1. Return only the number of the condition from (1) crowded, with 16+ Cβ neighbours inside 10 Å; (2) within 14 Å of chain A (Cβ to nearest Cβ); (3) over 23 Å from residue B:192 (Cα atoms) that residue B:91 does not satisfy.
2. Looking at segment A:222-251 only, could you name the residues that are crowded, with 18+ Cβ neighbours inside 10 Å and within 14 Å of another protein chain (Cβ to nearest Cβ)?
3. Which one of the conditions (1) within 14 Å of another protein chain (Cβ to nearest Cβ); (2) over 30 Å from residue D:89 (Cβ atoms); (3) not in a helix (DSSP H, G or I) does residue A:276 fail to meet, given that it meets all the rest?
4. Which is within 11 Å of another protein chain (Cβ to nearest Cβ), surrounded by 21 or more Cβ atoms within 10 Å (Cβ to Cβ), at pLDDT 95 or above and under 21 Å from residue A:236 (Cβ atoms), of A:147, A:162, A:176, A:184?
5. Residues that are outside any loop (DSSP other than H, G, I, E, B) and either under 28 Å from residue C:501 (Cβ atoms) or in contact with a strand residue (DSSP E or B) (Cβ under 7 Å, 6 or more places away or on another chain) (or both): does segment C:80-92 have at least one?
6. Can you tell me which residues in segment A:334-364 are under 30 Å from residue A:167 (Cα atoms) and out of contact with any helix residue (DSSP H, G or I) (no Cβ under 7 Å at 6 or more places or on another chain)?
7. Within segment C:453-470, does at least one residue satisfy the condition of being within 10 Å of another protein chain (Cβ to nearest Cβ) and either in a loop (DSSP other than H, G, I, E, B) or free of Cβ contacts under 8 Å to residues at least 60 places away in the same chain (or both)?
8. Would you check which residues across segment D:28-79 are farther than 30 Å from residue D:247 by Cα and in a loop (DSSP other than H, G, I, E, B) and list them?
């Protein structure tokens, strides 16, 4: 049913349609609205049977999900940012144990400095954990991906993380078609675990595996992820067939057919980029966009195919590896190995910095001109940086940079966004 | 696309206002996108919310940089926040106050603007009278409907009563209607004054 | 289920990992000699019969008991129970009341008319047993069990020897004595009473006996030269008690002095009290600590009004006046004269200074060696190579009924070997189960249950039995106080405490075995075995 | 002495088995068909108290719920020595996730069972003292606070033995560990630190908290049974001596556990709904030095430079426990049997 609905609410209702049996919740912005809504549904009895467990930390949340999943229950949780890092040991563990947990990640920056706003640092911090990671462009896609995530996770015994931009999507009220129960049931059969804790058929799960088999275990996990590269498009296709809506898949291309410059990105920023691309197209610039929906496993082949015709690839990402550069860029570069492309990394939107259409247009123009350096930080306030560096050079006890920058800038709040001149 | 930016403080229903507007627009068959920009989620802290209205799907996720309309729920924010940033000279400005622009000292700033798109509305007073609490958001939405014509009063009222069940919804809808009347009258007065 | 590779494992697969290879020492089950058994002169398997009594299987317990000793009701009264002195439980609280449980079983057997085991199949061998005291009766019984024919002769008119003629009825009721003797005789023993053997060799040859067991006892009361007036009544204790037993007590008067410090002296004094003596005074030349009789007996005698003059000797006895000399112990603990005298009014003097054996019947027996008034014997109790064996008070040993019973048994086995033409077997004796090998924490605190005593007033005038028996509850409780020193009693501790599940339980009575595939040799089972029945031995590496 | 009812048998109530008791009154461990939840072939050290404690506790739990059990295990010795690929010693459904999350994983298992209507299957979480009092405490406290239907068992060997004997918050004062060396004016672990987890557990007002040792199997099994008869969060803290970490002889594992109790250093008690309901009285009180002197981790208190002052402080701790829990029966030194 088509509704004007908050993203978090859409996720909560869709997850409920997936009939989760155990949901663990620890509040962290901007994930709270999702678990609040599920909690209310469980308490009201509209989502049943389901155990909703208020845990004492994200570490416990993932741990409860591990226990529940290993006991054969469809398990779900949601988190963000620091919460993901706090549970990271369990995140790895869930993947290592091959437990098909589904988790929503309301993407948010990681402190310090503490920051509640959106970027992708959290998702990137666990990209090697062995989870499948989807990035949603819209709330519609985020909702749809959850159905596909459960299906995929349980088919392959791999946990799946659905990443959606914190606040930008989670708190956005927009049009979402919420599926009906019958449709979801047809897409998602009951959970049949590959292994389960059962007194009637006891096994020991979580053995200590030494050098003699550890690499094989990891390689098998890798093969399962490669299987996912086949299953993800198939499931998306089935989803489209049943719902009449294209959602998910590996990558999505926009106006790339004749594009010389292609921008690659993850998540909700793709919408703004598409607007910018449309405008630049009107100016005759041959630009296109490739959105990567499935970040892990990384669809190297699909990315290569999508970018083959481009001469310049601009990877715009909301996270970066300090001391080096783009994270996604590295993966794209690996995928394009052997091809002759100019590859540019643009770091943007860290800690909730708005990525504006205007800035993107300027970026595209610069790229088309061939003036874009290998690594760019979009809308970086170089003046502030220079002032701080001067301060640091001048006095040993220069104090904390974050606070210095804020003081420089004067009072801010959730004020009107600054228009970059 | 019609873009609205709403300023206020935590607890004043700023985010809800944008959501109600989006829901109302959706009900009228339009595409809409409402989202907030939070500071820390505390009562009294400055809060901004946005709402885009369009006949086509909305893709952009950037904050509303250049609003077509500005709703200011708390004019005291003028001292903290660049309230009018990005506003074009043809933009709508609806301010919750019982004073007028010149009494607020805004005359100079808006000298170049379309004067018929600058309005104040005593939404808090209306809310206190009809809702019983100083929550100006519903009244301002009623005023916004009358002011811009981007949405109907009926859609606003329906969104309000859908969101707030029972008497609370009814009272807020009543406040919206009163503000709608107030703004309608103010517009007429302005026309009357300018034609004279 | 198809389990994931490596991370998930099928249960119990670790059994393929034989951790026994880590071991440098291995535990082994052992049996050790419990101190009670070790101390029992009759060679009873005390722990063995207590084991059955613990579970209330008194019949089985009694049967186990009479495998070694056919007179538990008697022993349960007159044995001075060295087993209890040796009992390890002394170091926890008090000794297990073995003697009381033995009596309980013996009395129960009499009451229930339980039979002794059926004699062994006839070997055709004949054995003459001379003397029907504890040694002779014991030997006869065991010889019958071994299938030999037995002729038991005694000079007295009734069977029992010193048990009848030396031990007063208040300690050993005659009904009990008669019942246990009758049960032995019923095993098919030919008895001839009032038969004095003058020449044992002649009787052996004429009777065509394959062997002879001499158990003639020590029937002659020792006498010392005490100046005494003609009118003074002096009698030896053996004679005195014998006459009482024959229901023909001598008249001793009101004031009776008993000279001596052994059990017999006390028996005589206590008997005299019962016969009407107002004063029964024991005169003993040493002090209380050096007295031969048991403390128990002393306490009972004192309780009955017997008095004791310590460190005194009878110097002379003239008419109704007895002169005593005070003694002092020298540095070696021997009494020495002090030259100090005192007088004591007395009507009679009973001498309880020990007994001698009349061995004149051996005068013509070849190969018998007599030294210090007793017959020398080998380990098998053989006294002469032609088949003469001897035991009881007639051989060098402590003169107690229990020792005599033990001699009887040992002689029976010696005779068996002899008549069957076997070399005497050498029995391996297990090492002693000492207290330090026990882990007493596992034993519940359980105070000893004591037997009731007869009221004092009745003890001064009648020959009613002084010490009562335990009731069943108490006997059971007492039996269960046994620590089973040195021998597994299947408490499951080893089975339970092994961190490696390396002990197999084999079922009731079958004990346990170690699974050396998995035993890492930690030794917890040894430390936690309550009774010390496991020990570690080095692995051969 | 009046005769008392005969309800003790030969070795009384303290040995593992008793041929004179009816089957249903015997310990689980005496049963040849016991579950052996953790089976032979595990790689625990010789004389491992934890291997023993785990079998005691789990076998008892198995009996009390007819074998319908799922166990969750924290990282630690017990986990490492029981499940090195390709062998596992467990005969029950068993899950190991991480060091610090066993209580939460157990919560998840319990939630899954509840949602599936499998009330018959019970959940036991287990960890060493590190996984319980230190890294796992947050999750444990959360599990307690929610009163999840989990019996959590801490096998306390008073240190991080798996990693080479480092100090934990359960390491007693003066004990030598690799991180509390015997140097300085206060050799070994310092006084005045550490966590008393049973009391912390009681502060959550959960239905059941108990302590036990591997030295008193009857007591341990009774407590497991009591715990298994209840629902909600239950906590059992079992002292399991570690020959490696304590520097004790491998055969003295149970002996040391017994001495820990009989000195008063390790109070054995149980509590329901936050209130102590029962304390196991000391049968044969011993001074702490009898306990300490058997362990190399306390060797620095004796030897050529003895520290009677430190021993005295430890004795004072024991005395304090004795007073706090009333571990001595003032009227009668005899313990009822």
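The values are calculated or read from the model by the stated rules, or taken from the named source; none is laboratory data. Not measured: the values here are computed from a predicted model. Cβ coordinates were reconstructed from backbone atoms using ideal geometry, including for glycine residues, and neighbour counts include every protein chain displayed.
1. It fails just one condition, (3).
2. Result: A:224, single match.
3. For residue A:276, the failing item is (3).
4. Matching residue, one of A:147, A:162, A:176, A:184: A:176.
5. There is no residue in segment C:80-92 that is outside any loop (DSSP other than H, G, I, E, B) and either under 28 Å from residue C:501 (Cβ atoms) or in contact with a strand residue (DSSP E or B) (Cβ under 7 Å, 6 or more places away or on another chain) (or both).
6. A:347, A:348, A:350, A:351, A:352, A:353, A:354, A:356, A:358, A:359, A:362, A:363
7. Within segment C:453-470 (the criterion being within 10 Å of another protein chain (Cβ to nearest Cβ) and either in a loop (DSSP other than H, G, I, E, B) or free of Cβ contacts under 8 Å to residues at least 60 places away in the same chain (or both)), the answer is yes, since at least one residue qualifies.
8. D:31, D:32, D:33, D:34, D:35, D:65, D:66, D:67, D:68
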